[in-house]
1. So which pairs qualify, if the first residue must be in segment 82-101 and farther than 14 Å from Leu44 by Cβ, the second must be of a type outside the set (S, T, N, Q) and surrounded by fewer than 16 Cβ atoms within 10 Å (Cβ to Cβ), the Cβ gap must be under 6 Å, and the two must be at least 6 apart or on different chains?
2. Suppose we filter segment 63-114 for residues that are assigned to a helix (DSSP H, G or I), closer than 13 Å to Val125 by Cβ and polar (S, T, N, Q); how many remain?
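The values are calculated or read from the model by the stated rules, or taken from the named source; none is laboratory data. Note that the structure is a prediction, hence the values are computed from the model and not measured. Neighbour counts are summed over all protein chains in view; Cβ atoms, including those assigned to glycine, are modelled from backbone coordinates with ideal geometry.
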Amino acid sequence: MSKESDTIQVFIPIAFRRKNGRPKILAPDVDPHFQARVQSPHILRALGRAWSWRRKLETGEAATIQDIAHAEHVSTQFVGPIMRLAYLSPDVLERLLLWREPPSATLLQMVEATYLPWTEQMGRVFECPRTKNSCFET
């Protein structure tokens, strides 16, 4: 048995934050600005899928969205909105992919932003509060 005087307590100053519904541990010496620049893998995957599917339609590898959905084993209701991400403005894509700046809009809000002119998309994707549909209420 150990005595109380033999016990060593170690305190590590860490912080916990939830990202994409999962807990994330932030070390004390990590710059918070650096942490914020890590892009969500869900957004990167959705953008990659969108461009891949768009390329398949443009090259004739797939004739319709139904062909893509069948090949990917997903529904057409999933393919349609995700494919719209391929039509985000080049400036928004640059900030998402090259600068790895996380958007303030959800993935669904980013899809809705594709219906806007390119000049308005930047504000909707990066300056939107994270409340449901708050960016798109008029």
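1. Once the first residue is farther than 14 Å from Leu44 by Cβ and sits in segment 82-101, its partners that are of a type outside the set (S, T, N, Q) and surrounded by fewer than 16 Cβ atoms within 10 Å (Cβ to Cβ) give Ser89/Trp118.
2. Adding up the residues that qualify gives 1.
A quick yes/no check of all residues on (1) loosely packed, with under 14 Cβ neighbours inside 10 Å; (2) modelled with pLDDT under 90; (3) over 19 Å from Tyr115 (Cβ atoms):
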{"position": "Lys19", "(1), (2), (3)": "yes, yes, yes"}
{"position": "Ile25", "(1), (2), (3)": "yes, yes, yes"}
{"position": "Val30", "(1), (2), (3)": "yes, yes, yes"}
{"position": "Arg37", "(1), (2), (3)": "yes, yes, yes"}
{"position": "Leu44", "(1), (2), (3)": "yes, no, yes"}
{"position": "Thr64", "(1), (2), (3)": "yes, no, yes"}
{"position": "Glu72", "(1), (2), (3)": "no, no, yes"}
{"position": "Pro81", "(1), (2), (3)": "no, no, no"}
{"position": "Leu97", "(1), (2), (3)": "no, yes, yes"}
